[in-house]
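Remarks on the structure that follows.
The values are calculated or read from the model by the stated rules, or taken from the named source; none is laboratory data. Quantities reported herein were computed from a predicted structural model and do not represent experimental measurements. As a convention, Cβ positions derive from the backbone with ideal geometry for all residues, glycine included, and neighbour counts pool all protein chains shown. Just the protein is used for accessible areas: all its heavy atoms, side chains included, with ligands, DNA and RNA removed. Shrake-Rupley method; radii C 1.70, N 1.55, O 1.52, S 1.80 Å.
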Amino acid sequence: VQLQASGGGWVQAGGSLRLSCAASELPFTRLHVAWFRQAPGEEREFVAASHLTTRTTIYDDSVKGRFTISRDSAKNRMYLQMNNLKPEDTALYYCAADSHWADIKTVGRVAYWGQGTQVTVSS
């Protein structure tokens, strides 16, 4: 499975961005999906995930109420809508997917990764 993330950019604090991720070779309808991020000098961290059947969504506390993960099965894409962005949200954002829900929040266990898209939020 190859994932391609896009939609990053520069935005002022309080602004919004929508990240997109496309999958090839395997439909997102057969995978749990997630977003992670990695700030300079920091470890990659979990941001949000969506269950493939129940569509249950989970978020890191730092983004709850501001970010929304979603998917469009017809387009085989997943999204991360980011509102009220803060400078501390600046990072390289990665889309990810896995067939096991128990592994979806763990960097070392997630099977499929996109290449990352940069989000920069200025104060």
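Hey, ASN76 hits all of (1) open to solvent by less than 40 Å² (accessible area, probe 1.4 Å); (2) touching a helix residue (DSSP H, G or I) at 6+ places or on another chain (Cβ under 6 Å); (3) modelled with pLDDT of 95 or more but one; which does it fall short on?
It is condition (3) that ASN76 fails.
Would you point out which residue out of ALA13, ALA48 is within 17 Å of ALA111 (Cα to Cα) and of a type in the set (A, V, I, L, M, F, W, C)?
ALA48
Tell me which residues, restricted to the stretch 79-105, are under 13 Å from the mean Cα position of the chain (by Cα) and β-branched (Val, Ile, Thr).
ILE104
Quick check on this structure: which one of SER20, SER73, SER6 is in contact (Cβ under 8 Å) with a residue 12 or more places away in the chain and over 14 Å from the mean Cα position of the chain (by Cα)?
Working: SER20 fails: over 14 Å from the mean Cα position of the chain (by Cα); SER6 fails: over 14 Å from the mean Cα position of the chain (by Cα).
On inspection, the qualifying residue turns out to be SER73.
If you take the residues in the stretch 16-40 that are open to solvent by 20 Å² or more (accessible area, probe 1.4 Å) and outside any strand (DSSP E or B), which one is farthest from GLY114 (Cα to Cα)?
SER16
Is the stretch 42-59 home to any residue that is in contact with a strand residue (DSSP E or B) (Cβ under 8 Å, 6 or more places away or on another chain), assigned to a loop (DSSP other than H, G, I, E, B), open to solvent by 50 Å² or more (accessible area, probe 1.4 Å) and touching a residue at least 60 places away in the same chain (Cβ under 8 Å)?
Yes, some residue in the stretch 42-59 is in contact with a strand residue (DSSP E or B) (Cβ under 8 Å, 6 or more places away or on another chain), assigned to a loop (DSSP other than H, G, I, E, B), open to solvent by 50 Å² or more (accessible area, probe 1.4 Å) and touching a residue at least 60 places away in the same chain (Cβ under 8 Å).
Going through the stretch 3-39 one residue at a time, which ones are of a type in the set (Ser, Thr, Tyr) and within 16 Å of GLN81 (Cβ to Cβ)?
Within the stretch 3-39, SER6, SER16, SER20 qualify.
Of the residues in the stretch 1-15, how many are in a strand (DSSP E or B), open to solvent by 40 Å² or more (accessible area, probe 1.4 Å) and of a type outside the set (A, V, I, L, M, F, W, C)?
Count: 4.
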